[in-house]
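So the structure is just underneath, and the comments pick up after that.
The values are calculated or read from the model by the stated rules, or taken from the named source; none is laboratory data. This structure is a prediction, so every number in the text was calculated from the model and none was measured. Note: ideal-geometry Cβ built from the backbone for every residue, glycine included; neighbour counts use all protein chains shown. Quick note on the areas: whole protein, heavy atoms, side chains included, nothing else; ligands and nucleic acids left out. Shrake-Rupley method; radii C 1.70, N 1.55, O 1.52, S 1.80 Å.
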Amino acid sequence: MSVPVPETMTAVEIRTPGGPEALVATTRPVPRPAEGEVLIRVAAAGINRPDVLQRMGLYPMPPGVTDIPGLEVAGTVAAVGPGVTGIAVGDAVCALLAGGGYAEWAVAPAPQVLPIPRGVSPVEAAGLPETVFTVWTNVFERGALTAGERFLVHGGTSGIGTTAIQLAAARGATVYATAGSDEKARACEALGAARGINYRTEDYVAVVKAETGGKGMDVVLDMVGGDYFARNLDCLAVEGRHVSIASLRGGKVELAIMAMMAKRLTITGSTLRPRSVAQKGAIAAAVRAEVWPLVEAGKVRTLVHATFPLAEAAKAHALMETSAHVGKIVLTVG
Ligand SMILES: NC(=O)c1ccc[n+]([C@@H]2O[C@H](COP(=O)([O-])OP(=O)(O)OC[C@H]3O[C@@H](n4cnc5c(N)ncnc54)[C@H](OP(=O)(O)O)[C@@H]3O)[C@@H](O)[C@H]2O)c1
C-alpha cells in the first residue's frame, strides 16, 4: 500500500522568539523518512509546556532537530524508511518526537512510534506520548514507585500531573497532588488522588504529614523547584526519592546534606528530549508493556481540556500560559 505524499505542507513555525503570536502558519517541505524513520500523516498534535519555553527562546531544539515545535503526534503511517520493521503504511500510531509535531506531516524514529491504544481517539492519542514517557521514566524508572507506596505530584492538573495521578493510582500507589485552586484540587481527586491540595490556601507539607501520620512520601515528582525543594525533602519518608522534571520557580536550591543522609534520600531527575533514540525506544517498549494495557482498560486516559486547529496554535499556547487548563491541549490537523 502507498499513500500519495505532497511536496509541501502547512506547519507552524516560531517566527521570532516571543509571545504566543510568534507562532505562525507557514509552508514547508514535507519531511522524508530516513533510515529507521516513519512518516506520519498527522491527525492531531499535543501541546506541552516545553513548547512554550521553546517559543520563548528558552529551550533550543537538540542539534539536527527541525525548528518546527511539537513533541508528540497521532495519525496514520504514510511511508516507512529503509530498515523499519513491524510498522506498516496505514497503521494508526502515535509517536514521541524531538520536534516537528505542529505540522501536517512529521517523521519519527521507528522505536518512538507506538500503536494507538484500542478505544482511544487520535486526539486523545496525540496527548499521550510526551506525558506518559516522562512520567514512566521519572516516576517508575528513576523514582521506582511501587504499589502500596505514597506519591506526591505537584502541578496535579498539568498534562504531566493528570497522567502521573492516574498512572500511579492505577499501579496501586496512594497519590497526593497539589494544584492552584480548590476546583483543581478536586479534579485531582476525581482522577484518583487520595487528596488534592490547593497550595494557595494549604501548606502541602503539613497536609501530607497529617494525612500519613507523619510518615511522609516515598516519591515526590517535582516541576516547581525553588522553595519547593527543601519542602519536598521535608515531606519525604526514610528512603524517599525526589525526582525533578522542571524548575518553574527556580533551578538553584540549597540542600541540607545531613537531612538527606539521615533519611537516606535519593535526589534525581531527567530531561526526555535530548535522550537518544535507543533510550527513548527502551522507554517506549516499557510504556507499551506496562501503560498501554491500563489505557485500553480505561484506567489511564488523556484528559483533553481543549482542541484548536493547527493554524490557531498561538491561541493554544495563550491558554496553556493561563494554567487554567486541566489536562492536555491538543491541535487538530487537516
Ligand atoms: N523533564 C522532562 O522530561 C519534562 C518533559 C515534559 C514536561 N516537563 C515539564 O513538566 C512541567 C509540566 O508540563 P506540562 O506540559 O504538563 O505543563 P502544563 O500542562 O502547562 O502545566 C504546568 C502546571 O504548572 C503549574 N505551575 C505553573 N507555574 C507554577 C509555579 N510557579 N508554581 C507552581 N506551579 C506552577 C500550573 O498549575 P497551577 O496553576 O495549578 O499551579 C500548571 O498546571 C513543565 O514544567 C514542563 O517543562 C518536563
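Suppose we keep only residues that are open to solvent by 10 Å² or more (accessible area, probe 1.4 Å) and closer than 15 Å to R171 by Cα within the range 126-144. Which one would you say is farthest from the ligand (Cβ to nearest atom)?
Selected residue: A144.
In the range 302-334, which residues are within 11 Å of the ligand (Cβ to nearest atom) and open to solvent by 20 Å² or more (accessible area, probe 1.4 Å)?
If the condition is that a residue be within 11 Å of the ligand (Cβ to nearest atom) and open to solvent by 20 Å² or more (accessible area, probe 1.4 Å), then L303, H305, L319, E321, T322, S323, A324, V326 are the ones that fit.
Would you check if there is a residue in the range 247-263 being assigned by TED's automatic domain parsing to the domain that holds L145 and under 22 Å from R171 (Cβ atoms)?
Looking for residues that are assigned by TED's automatic domain parsing to the domain that holds L145 and under 22 Å from R171 (Cβ atoms), one finds none in the range 247-263, hence no.
Sort out which residues of the range 69-89 are within 16 Å of the ligand (Cβ to nearest atom) and either surrounded by fewer than 17 Cβ atoms within 10 Å (Cβ to Cβ) or of a type in the set (G, A, S) (or both), and write them in order of number.
The one that is within 16 Å of the ligand (Cβ to nearest atom) and either surrounded by fewer than 17 Cβ atoms within 10 Å (Cβ to Cβ) or of a type in the set (G, A, S) (or both): G70.
Just wondering, is there one or more residues in the range 52-61 that are more than 16 Å from the ligand (Cβ to nearest atom), among the small types (G, A, S) and open to solvent by 10 Å² or more (accessible area, probe 1.4 Å)? Quick ask: steps written out before the conclusion?
Going through the range 52-61, the residues more than 16 Å from the ligand (Cβ to nearest atom) turn out to be none.
Checking the range 52-61: not a single residue is more than 16 Å from the ligand (Cβ to nearest atom), among the small types (G, A, S) and open to solvent by 10 Å² or more (accessible area, probe 1.4 Å).
Can you tell me how many residues within the range 90-125 are open to solvent by less than 10 Å² (accessible area, probe 1.4 Å) and without any contact (Cβ under 8 Å) to a residue 24 or more places away in the chain?
Residues meeting the conditions: 0.
Hey, among the residues in the range 249-279 that are within 11 Å of the ligand (Cβ to nearest atom) and surrounded by 13 or more Cβ atoms within 10 Å (Cβ to Cβ), which one's nearest to R231 (Cα to Cα)?
It comes out as R249.
Out of everything in the range 163-183 that is in contact with a Phe, Trp or Tyr (Cβ under 8 Å, 6 or more places away or on another chain) and assigned to a loop (DSSP other than H, G, I, E, B), what residue ends up being nearest to the ligand (Cβ to nearest atom)?
Selected residue: G180.
What number of residues in the range 165-183 are open to solvent by 20 Å² or more (accessible area, probe 1.4 Å), among the hydroxyl-bearing types (S, T, Y) and under 16 Å from M217 (Cα atoms)?
Residues flagged as open to solvent by 20 Å² or more (accessible area, probe 1.4 Å), among the hydroxyl-bearing types (S, T, Y) and under 16 Å from M217 (Cα atoms) within the range 165-183 amount to 1.
Which of the helices (runs of 4 or more DSSP H) contained wholly in the range 223-334 include at least 1 residues that are in contact with a strand residue (DSSP E or B) (Cβ under 8 Å, 6 or more places away or on another chain) and farther than 26 Å from I47 by Cβ?
Correct list: 228-235, 257-263.
If you check every pair at least six apart or on different chains, which have Cβ atoms under 9 Å apart with a residue in the range 248-260 that is of a type in the set (D, E) first and a residue that is within 16 Å of the ligand (Cβ to nearest atom) and open to solvent by less than 100 Å² (accessible area, probe 1.4 Å) second?
Partner pairs satisfying both residue conditions: E254/F229; E254/A230.
Give me the pairs, please: first residue somewhere in the range 128-148 and on the phi > 0 side of the Ramachandran plot, second residue anywhere and within 13 Å of the ligand (Cβ to nearest atom), beta-carbon distance under 9 Å, and either six or more positions apart or on two chains.
Note: no pairs meet the criteria.
What number goes with the only condition from (1) buried (at least 16 other Cβ atoms within 10 Å of the Cβ); (2) on the phi < 0 side of the Ramachandran plot; (3) small (G, A, S) that G225 does not pass?
(2)
Would you mind stating whether T66 is open to solvent by 40 Å² or more (accessible area, probe 1.4 Å), within 24 Å of the chain's Cα centre (by Cα) and closer than 21 Å to L331 by Cα?
yes
Looking at the range 285-299, is at least one residue closer than 26 Å to P115 by Cβ, in contact with a Leu (Cβ under 6 Å, 6 or more places away or on another chain) and of a type in the set (A, V, I, L, M, F, W, C)?
no
When you check R186 against the structure, is it basic (K, R), open to solvent by 40 Å² or more (accessible area, probe 1.4 Å) and either more than 10 Å from the ligand (Cβ to nearest atom) or modelled with pLDDT under 95 (or both), yes or no?
For R186, the condition - basic (K, R), open to solvent by 40 Å² or more (accessible area, probe 1.4 Å) and either more than 10 Å from the ligand (Cβ to nearest atom) or modelled with pLDDT under 95 (or both) - is met.
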